[in-house]
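I have placed the structure first, in the form of structure tokens, so that the comments after it can refer back to it.
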Amino acid sequence: MEKESYDMKSMTLDEIKTIITEMGEKSFRAKQLYEWMHIKLARNYDEMTNLPKSLREKLTKNYPYTSLREVMVQTSKIDGTKKYLFALADGNYIESVWMQYHHGNSVCISSQVGCRMGCRFCASTLDGLERNLTPSEMLDQIYAIVRSTKERVSNIVVMGTGEPLDNYDNLLRFIQMVSDENGLHISQRNITVSTCGIVENMRRLADEKLQITLALSLHGSTQEKRQELMPIANKYAIDEVIDACRYYFAQTGRRITFEYSLVGGINDTEADAENLCKLVSGLNCHVNLIPVNPIKERDYVVSEHRNVLCFQNKLEKKHINVTVRREMGRDIDGACGQLRRRFGDLN
């Protein structure tokens, strides 16, 4: 990062110490500032009451402070899932989702404003990519939700709007900061990052040897089926993507998750299930079957329930770990990009 592009909440503790001492302040002020941002979740410098007023004024003048503005919250009547629409400082909007599970609360965050990957069944990509999110804008989705719900977050899923590995450097800094012992200190084992398959960055991420879970959006059991649903398959062959998954497991020892959206009549046949079994054979993995969330701009339909069960059964018979994702928030624009897009249509 260039210094002029820094915002304070995207900086590491060491970087803040450097700035604070350059300002002529005592170095312990850096730790206080970091705690206000990442533990006490202050919304601005003025809330940092144990910092001298003169320091707060200098920080306000010289270092922008990221704090998302809550625009809308939808709460599911079915399962209590909350979907948030946040406004960014530049007038853009992003979505985040808070989900309650028996094992703890999860937050699904966005990594970009919009997306350029073009997956056919996804609302996030319909208007293309606006820009990448900064580390602080990713962090503050979690912080704003913690403030709103007054509940602890134990799991983070980077699977909202955007392709995380298309925003690689900011994503990496976000992971390091959210798992930092001086901040929320969320275990990397409780962080999942989704990708549609940017092979070179999957391999870069593997070489970082982090302990996060990598989830590949697969959605097709053959190269042809994947190309039909995901334009990125025109750049990366399915075998190349699976090889990158094997490399990730070899480098990290972390089981791969395959996300597979079942689209009625497109990729939910017995032949698709058989091809998927062959594709992931011998790989330490978990397959997450997702009944597709229809969007009005496309004519894809959800798979019939019997087809979902048949698909699951085929995989189980081949001893592949598989679950059908529990549908969360379907009554509140639950799929990525739906709320942001609907809000844009109204304004």
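The values are calculated or read from the model by the stated rules, or taken from the named source; none is laboratory data. Every value quoted in this text rests on a predicted model; they were computed, and no experiment measured them. Here Cβ is always computed from backbone atoms with ideal geometry, including for glycine, and neighbour counts include all displayed protein chains.
Residues in the range 125-184 that are buried (at least 24 other Cβ atoms within 10 Å of the Cβ), at pLDDT 95 or above and touching an Asp or Glu at 6+ places or on another chain (Cβ under 8 Å): how many?
The total comes to 1.
Failed condition for T12, given (1) of a type in the set (S, T, N, Q); (2) touching a Lys or Arg at 6+ places or on another chain (Cβ under 6 Å); (3) surrounded by 13 or more Cβ atoms within 10 Å (Cβ to Cβ), with all others met?
(2)
So Y93 fits all but one of (1) of a type outside the set (A, V, I, L, M); (2) farther than 24 Å from T195 by Cα; (3) in contact with a Leu (Cβ under 7 Å, 6 or more places away or on another chain); what number is the exception?
(2)
Starting from the range 221-243, take each residue that is surrounded by 19 or more Cβ atoms within 10 Å (Cβ to Cβ) and list its partners that are of a type in the set (D, E), counting only C-beta distances under 6 angstrom and pairs at least six apart or across chains.
Note: pairs meeting the criteria are S221/D272.
Residues L59, L126, L55: which one is of a type outside the set (S, T, N, Q) and touching a Phe, Trp or Tyr at 6+ places or on another chain (Cβ under 8 Å)? Walk me through how you get there before you give the answer.
Working: L126 fails: touching a Phe, Trp or Tyr at 6+ places or on another chain (Cβ under 8 Å); L55 fails: touching a Phe, Trp or Tyr at 6+ places or on another chain (Cβ under 8 Å).
When all the criteria are applied, what remains is L59.
Quick one: in the range 244-295, which of the residues that are under 13 Å from H219 (Cα atoms) and of a type in the set (F, W, Y) is surrounded by the fewest Cβ atoms within 10 Å (Cβ to Cβ)?
Filtering first and then ranking leaves F258.
If we scan the range 120-135, do we find a residue that is under 13 Å from the mean Cα position of the chain (by Cα) and not polar (S, T, N, Q)?
Yes: one or more hits.
Of all the residues that make up the range 1-25, how many are at pLDDT 95 or above and either basic (K, R) or in contact with a strand residue (DSSP E or B) (Cβ under 9 Å, 6 or more places away or on another chain) (or both)?
The total comes to 2.
Within the bounds of the range 163-180, is there any residue that is under 21 Å from A244 (Cα atoms), part of a loop (DSSP other than H, G, I, E, B) and in contact (Cβ under 8 Å) with a residue 24 or more places away in the chain?
Among the residues of the range 163-180, at least one is under 21 Å from A244 (Cα atoms), part of a loop (DSSP other than H, G, I, E, B) and in contact (Cβ under 8 Å) with a residue 24 or more places away in the chain, which makes the answer yes.
Of (1) assigned to a helix (DSSP H, G or I); (2) under 12 Å from the mean Cα position of the chain (by Cα), D140 satisfies all except one. Which?
Only one criterion is unmet by D140, namely (2).
Given the conditions (1) charged (D, E, K, R); (2) closer than 22 Å to I191 by Cα; (3) in a strand (DSSP E or B), and given that E151 satisfies all but one, which numbered condition is not satisfied?
All conditions are met except number (3).
For the range 66-91, what are the residues that are free of Cβ contacts under 8 Å to residues at least 60 places away in the same chain and either outside the structural domain of T134 (by TED's automatic domain parsing) or surrounded by fewer than 16 Cβ atoms within 10 Å (Cβ to Cβ) (or both)?
Across the range 66-91, the qualifying residues are R69, G80, A87, A89, D90, G91.
Taking only the range 309-324 into account, find how many residues are of a type in the set (K, R), in contact (Cβ under 8 Å) with a residue 12 or more places away in the chain and assigned to a helix (DSSP H, G or I).
Residues in the range 309-324 being of a type in the set (K, R), in contact (Cβ under 8 Å) with a residue 12 or more places away in the chain and assigned to a helix (DSSP H, G or I): 1 in total.
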